[in-house]
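K.L.:
Supplied in structure tokens, the structure appears directly below.
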Amino acid sequence: MSAQLRLDAVEAGYGDLVAVRDVSLEVRAGEVVALIGSNGAGKTTTLRAITGLLPVRRGRVEFEGERLDGLGPAQVVARGIAHVPEARQLFPTMTVRENLELGAARRARRRRSDALDLVFTLFPRLRERQAQLAGTLSGGEQQMCAIGRGLMAAPKLLLLDEPSLGLAPVTVKLIFENLRAINARGTTVLLVEQNVARALELSHRGYVIENGRIALAGTRAELAQSGHVRQAYLGL
Amino acid sequence: MAVGLTLIFGVMRVINFAHGDMMVWGMYIALLLSRRAGLDPYVGFVISAVALFALGLAVQRGLVQRIVDAPHEMQILLMLGVALVLENAALMAFGPEPERVRSPLAASTIWLGPVFVDVGRLVTFGVAVLLTLLLWLFLFRTDLGRAIRAAADNPYGALVIGTDVRRVYATAFGIGAACVGAAGALVSPLLPFQPATGLSLSITSFNIVIIGGMGSLLGAFIGGLLVSVAESLGAVFLAPSLKELVSFSLLILILLFRPAGLFGKRAP
Ligand SMILES: Nc1ncnc2c1ncn2[C@@H]1O[C@H](COP(=O)(O)OP(=O)(O)OP(=O)(O)O)[C@@H](O)[C@H]1O
Ligand SMILES: [Mg+2]
């Protein structure tokens, strides 16, 4: 099967700093792919280059066979890619419901209510909290809200940037179960994580990024057995 | 008027010092409409609003768009420049003499229960309440309005979810200017004005916004009420020329005890 998302020798950075150099990876439709790496490795930068939040300086990004690099975030979202960013980036003085609905701003109203039903089914907590201001939610609820906001766009591909960061183990477990359910409904997932054990559990394949380069790639089993991954990321 | 400033600042974090001068242009448009077409300013304010919306959009597209990411002092300089251009354009077009728009409505008064009220002021207040309400409905009940609030709340978040941030900024600036235009036309029968009035209007509306809290619509409205009540009380109990003193004292008090303003969010 051909790739839904393909990055080919992508370079991106900030000013003089090249944060990501020569990153190539592939995500096939229906897969969960993990992108793992330590702090500052370039995971967030890679996601931002995919969604047009940061220009791709070299190389190319393709989605469903069409070029993505050079497009702005609005156009990338319109193609069916939703980004659940690092630190959630919710709208703190707006209600949970408004936050969710903003994720579907470019879709017809009837479709929005279907999407909202789906999000509330996955995260019943958000239904209870729908009238609350997003800024007053707990960390876990905020993460649910951010994922929900992404789902509201009915994406073909969902990009997640460290959804487990700063959350209690039970909450992480709940969120990962929901990610599995989301994937089972047909949404492709590219998951950036530092919680490598959890990420590999959920993923079909994975990439390890170090110093802005892909250092290692393989199936879940291959990565879980790799001496390097075990030592550097799993602490075994 | 302060509502317009709040919208512009809230969304783009650009401080618009051209505010008062835009308002003066709203007044002159009302004047022209009344002189040339016999249109009462209480009707003509709609046209002032539309004209200022267009002006706001042009200023935003042509100038502000380039500096949203620039430091505050750059923005202040740019907006002061726009203010100067607007003021001097008004000077060239209309001359320096104070003007006042005649309206039969403004001249009449009615008894409302035990008090004697200016019809003009009553209508101005009524329309201001109505406009604030409409703006509220727009911001809270429409998609574009919500996108504007979202961009004000978290610009990066808005970008992430694929908001057309340029369009949102342009609309917000246009609507802010339109509010100012409408406000100008509405007060034009009550307040004599000349091109130089712009600066003091900018300062007053700035004052109102700071008292109410930067970026809060309700704050701007309440701030406006507070300032006008404080000024008129000051004018009655002290001396008419001391009314600004009262509103600035109010400003200093509020800044001392609530630095973020009455309804302002704490700085992040
Ligand atoms: N806005 C920015 N301006 C300048 N440099 C940046 C910026 N954001 C990230 N960097 C730098 O780019 C490099 C890669 O950062 P990136 O955020 O992609 O790492 P990451 O893998 O997501 O790390 P983390 O796990 O800590 O989130 C780092 O060296 C970082 O300092
Ligand atoms: Mg990161």
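K.L.:
Looking for whichever is on the phi > 0 side of the Ramachandran plot and away from ligand 1 (no atom under 12 Å from the Cβ) here; the options are A:A9, A:A3, A:A34, A:A29. Which one fits?
P.N.:
From the options A:A9, A:A3, A:A34, A:A29, the qualifying one is A:A9.
K.L.:
Which of (1) crowded, with 16+ Cβ neighbours inside 10 Å; (2) β-branched (V, I, T); (3) more than 14 Å from chain A (Cβ to nearest Cβ) does B:I161 not meet, given it meets every other one?
P.N.:
(3)
K.L.:
Go through the residues of region A:117-139 one by one and say whether even a single one is more than 16 Å from ligand 1 (Cβ to nearest atom), open to solvent by 30 Å² or more (accessible area, probe 1.4 Å) and part of a strand (DSSP E or B).
P.N.:
yes
K.L.:
Among the listed residues B:G145, B:G184, identify the single one that is more than 9 Å from every other protein chain (Cβ to nearest Cβ) and closer than 29 Å to B:P98 by Cβ.
P.N.:
Of B:G145, B:G184, the one residue that is more than 9 Å from every other protein chain (Cβ to nearest Cβ) and closer than 29 Å to B:P98 by Cβ is B:G184.
K.L.:
Given the criteria touching a strand residue (DSSP E or B) at 6+ places or on another chain (Cβ under 9 Å), within 16 Å of ligand 2 (Cβ to nearest atom) and farther than 27 Å from A:A221 by Cβ, does A:E86 qualify?
P.N.:
yes
K.L.:
Tally time: how many residues in region A:57-96 are of a type outside the set (D, E), away from ligand 1 (no atom under 14 Å from the Cβ) and more than 15 Å from B:G157 (Cβ to Cβ)?
P.N.:
Looking only at that region, the number is 17.
K.L.:
Can I ask one more? Using the structure shown, decide if A:R60 is part of a helix (DSSP H, G or I), touching an Asp or Glu at 6+ places or on another chain (Cβ under 9 Å) and more than 14 Å from chain B (Cβ to nearest Cβ).
P.N.:
no
K.L.:
So, one more: Mind checking whether some residue in region A:50-63 is in contact with a Phe, Trp or Tyr (Cβ under 9 Å, 6 or more places away or on another chain) and closer than 25 Å to A:R180 by Cβ?
P.N.:
Yes, the conditions are met somewhere in region A:50-63.
K.L.:
Among (1) over 16 Å from the mean Cα position of the chain (by Cα); (2) at pLDDT 70 or above, which single condition is B:A235 missing?
P.N.:
Condition not satisfied by B:A235: (2).
K.L.:
Need pairs with beta-carbon distance below 6 Å; first residue under 30 Å from A:A29 (Cα atoms) and within region A:77-98, second within 16 Å of ligand 1 (Cβ to nearest atom) and among the β-branched types (V, I, T); sequence gap 6+ or separate chains.
P.N.:
Every condition considered, the pairs that remain are A:H83/A:T51; A:H83/B:V160; A:P85/B:V160; A:E86/A:T44; A:Q89/B:V160.
K.L.:
Continuing with this model, one more query. Output yes when any residue across region A:37-52 is out of contact with any strand residue (DSSP E or B) (no Cβ under 9 Å at 6 or more places or on another chain) and either open to solvent by 60 Å² or more (accessible area, probe 1.4 Å) or within 13 Å of ligand 1 (Cβ to nearest atom) (or both), and no when none is.
P.N.:
yes
K.L.:
Taking region A:42-57, which residues are in a loop (DSSP other than H, G, I, E, B) and more than 16 Å from A:P155 (Cβ to Cβ)?
P.N.:
If the condition is that a residue be in a loop (DSSP other than H, G, I, E, B) and more than 16 Å from A:P155 (Cβ to Cβ), then A:G42, A:L54, A:P55, A:V56, A:R57 are the ones that fit.
K.L.:
So which residues in region A:43-60 are more than 19 Å from A:T187 (Cβ to Cβ) and not basic (K, R), if there are any at all?
P.N.:
Passing the criteria: A:T44, A:T45, A:T46, A:A49, A:G52, A:L53, A:L54, A:P55, A:V56, A:G59.
K.L.:
Counting only residues that are open to solvent by less than 30 Å² (accessible area, probe 1.4 Å) and closer than 21 Å to B:L190 by Cα, how many does region B:46-96 have?
P.N.:
The qualifying residues number 5.
K.L.:
Go through (1) in contact (Cβ under 8 Å) with a residue 12 or more places away in the chain; (2) away from chain B (no Cβ under 13 Å); (3) basic (K, R); (4) more than 22 Å from A:L191 (Cβ to Cβ) one by one and return the number of the condition A:R125 breaks.
P.N.:
Condition (4) is where A:R125 drops out.
K.L.:
Next up: Being open to solvent by 10 Å² or more (accessible area, probe 1.4 Å), facing chain B (nearest Cβ under 8 Å) and in a helix (DSSP H, G or I) is the filter here; which residues of region A:76-97 pass it?
P.N.:
A:V77, A:A78
K.L.:
Ok, one more. Would you confirm whether any residue within region A:143-154 is outside any loop (DSSP other than H, G, I, E, B), modelled with pLDDT of 95 or more and within 16 Å of ligand 1 (Cβ to nearest atom)?
P.N.:
So far as region A:143-154 goes, yes, one or more of its residues are outside any loop (DSSP other than H, G, I, E, B), modelled with pLDDT of 95 or more and within 16 Å of ligand 1 (Cβ to nearest atom).
K.L.:
Search region A:12-26 for residues being modelled with pLDDT of 95 or more and more than 12 Å from ligand 1 (Cβ to nearest atom), and hand back the single one that is nearest to A:G65 (Cα to Cα).
P.N.:
Top of the filtered list is A:E26.
K.L.:
If A:D69 satisfies all but one of (1) within 14 Å of chain B (Cβ to nearest Cβ); (2) away from ligand 2 (no atom under 16 Å from the Cβ); (3) buried (at least 20 other Cβ atoms within 10 Å of the Cβ), what's the number of the condition it fails?
P.N.:
(1)
K.L.:
Being open to solvent by 30 Å² or more (accessible area, probe 1.4 Å), farther than 27 Å from A:A199 by Cα, more than 20 Å from the chain's Cα centre (by Cα) and within 14 Å of chain B (Cβ to nearest Cβ) is true for just one of A:R112, A:R107. Which residue is that?
P.N.:
From the options A:R112, A:R107, the qualifying one is A:R107.
K.L.:
Now for a separate question. Cβ-Cβ under 9 Å, sequence separation 6+ or interchain: first residue in region A:26-55 and in contact (Cβ under 8 Å) with a residue 60 or more places away in the chain and away from chain B (no Cβ under 14 Å), partner open to solvent by 30 Å² or more (accessible area, probe 1.4 Å) and near ligand 1 (Cβ under 8 Å from one of its atoms). Which pairs?
P.N.:
Close Cβ pairs satisfying both conditions: A:I36/A:Q194; A:G37/A:Q194; A:S38/A:Q194; A:N39/A:Q194; A:K43/A:E86; A:K43/A:Q194; A:T45/A:Y14.
K.L.:
Please verify whether A:S38 is under 28 Å from A:N195 (Cβ atoms), among the hydroxyl-bearing types (S, T, Y) and in a strand (DSSP E or B), treating the condition exactly as stated.
P.N.:
no
The values are calculated or read from the model by the stated rules, or taken from the named source; none is laboratory data. Source: prediction; values computed, not measured. Reconstructed Cβ throughout: ideal geometry from the backbone, glycine too, with neighbour counts over all protein chains shown. Heads up: the accessible areas ignore ligands, DNA and RNA and are worked out on the full protein's heavy atoms, side chains in. Shrake-Rupley method; radii C 1.70, N 1.55, O 1.52, S 1.80 Å.
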